[in-house]
Amino acid sequence: MLTLNHPFDYGTAREAKDTVVTPTHEPPVHLADEWAPAFKILGDPTRLRLLLAMHYCGPGVATVSELAEAAGVRVPTASAALIHLTDAGTVTRTKVGREVRYSLTDPRTHSLLHHLGGTHVHDHR
């Protein structure tokens, strides 16, 4: 019988059947409570599209109309989603004259968007 330190290091399928996993430490289940709110935000396709559009444009650049167009949603839908994102502390809104511009301010969400393949406009110049 084979004993492993990592539950996914099986080697061959035959070895996997007879594998006993002995953890070297406690699983980091506390991370679930820490990360669940971020994944709840990202779990909604409209909010995720808006965040990716905002991330691409850069901080304080896009208005609700511009974000709605980039995300392919109606302005009222984008507005409702942006209110939710603002209330969650993921984005901030800044009034510039008569316009309100949005910025992604949560660094963990920013990092996750990069892991999803999100880019910045300056990456494409």
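Quick notes
- Those residues of region 53-89 which are within 19 Å of residue 116 (Cβ to Cβ), part of a loop (DSSP other than H, G, I, E, B) and either modelled with pLDDT under 95 or of a type in the set (A, V, I, L, M, F, W, C) (or both), in sequence order: 58, 59, 73, 88
- Restricting attention to region 116-125 and to residues that are over 8 Å from the mean Cα position of the chain (by Cα) and assigned to a helix (DSSP H, G or I), the residue that is modelled with the lowest pLDDT turns out to be 124.
- Residue in region 92-103 that is buried (at least 20 other Cβ atoms within 10 Å of the Cβ) and either under 15 Å from the mean Cα position of the chain (by Cα) or at pLDDT below 95 (or both) present: no
- Selected residue (criterion: nearest to residue 35 (Cα to Cα)) from residues of region 90-109 that are part of a strand (DSSP E or B) and not β-branched (Val, Ile, Thr): 104
The values are calculated or read from the model by the stated rules, or taken from the named source; none is laboratory data. Owing to the predicted nature of the structure, the values given are computational and were not obtained by experimental measurement. Ideal geometry is used to build each Cβ from the backbone, glycine not excepted, and the neighbour counts take in all protein chains shown.
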